[in-house]
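Inspection log for the structure reproduced underneath, given as structure tokens.
Just so it is clear, none of the values below were taken in a lab; they were calculated from the coordinates. Treat the numbers as computed from the prediction; the structure is a model and nothing was measured. Cβ coordinates were reconstructed from backbone atoms using ideal geometry, including for glycine residues, and neighbour counts include every protein chain displayed.
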Amino acid sequence: MATVTVWNILNDHAGEVGDLLLGTCCAGCGGVGRGVCDTCASHFWAQPRQVATACGVPVFALAEYSAPLDQVLIAHKERANWQLATPLGARLAAAIQLLQADQQRIEVVPVPSSATAIRQRGYDHSHALARAAIRTIAPRFDNSLRVVRRLTRDSPVSDQSAMDRTDRWLNQSGTMRARAGAHPLVVIDDICTTGATLHEAVHRLQGAGCQVIGCAVLAHTPNSASPAVGPDGWR
């Protein structure tokens, strides 16, 4: 039986709590709207698109990382705008469902943030997105789809905002540790920029014997559209 915690209950109702505390200003354009207004939400694609590969598995995205959605994702990740997890997770669910296809049971594995980043933000944004996504797909406590932390950060990473492609790959390489699991899994993250983070995640999971069926992200930058080769040669 699943364990219900106070944090899980609050996290599952982050939208309502956020509206009460923070108001209903759109995080993208600043206009009136709950979390993401209809105009900003229209920048998401109608269907997920494959934008890259990571170690041989497809990476699906829901939008290009550009205005106004870039401001929405920054608000969720860096400004602890917790209520955005619900609408963003609902979008991410479409990519997860596409990858799930006929699988009887899958795991959703968030890309891990460092403990330092979580403390600074006060929020584990990838885990919240994963939980919101599966709430959209499956009823509560439906064990056919669940969030599992199979990845941890083995070493810290530096801020990548000013790094070029090569430096991002070097920054991510060897930073994660994975534990094995018996079920197929989907790796999720918010943004795919160069693909370095997703490649590191999938590489470590495959090395631990996991069956990774794909990756799902909310947005990608144009230079992530071509599969990249990391410093150690793996795709």
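With a Förster radius of 25 Å applied to the C-beta separation of Ser66 and Thr116, the computed FRET efficiency comes to 0.30. Fully extending the segment from Ala208 to Thr39, taken as 0.36 nm per residue of separation minus the present Cα-Cα distance, adds 56.6 nm.
In this structure, Val32 and Arg79 have a Cβ-Cβ separation that, at R0 = 22 Å, corresponds to a calculated FRET efficiency of about 0.70.
Our coupling estimate for region 102-112, obtained by passing each phi through the Karplus curve with A = 6.51, B = -1.76, C = 1.60 and θ = phi - 60°, is 9, 5, 6, 8, 9, 10, 9, 10, x, 5, x Hz, Gly and Pro reported as x. Computed over region 63-154, the P(r) tail beyond 17 angstrom holds 53 percent of alpha carbon pairs.
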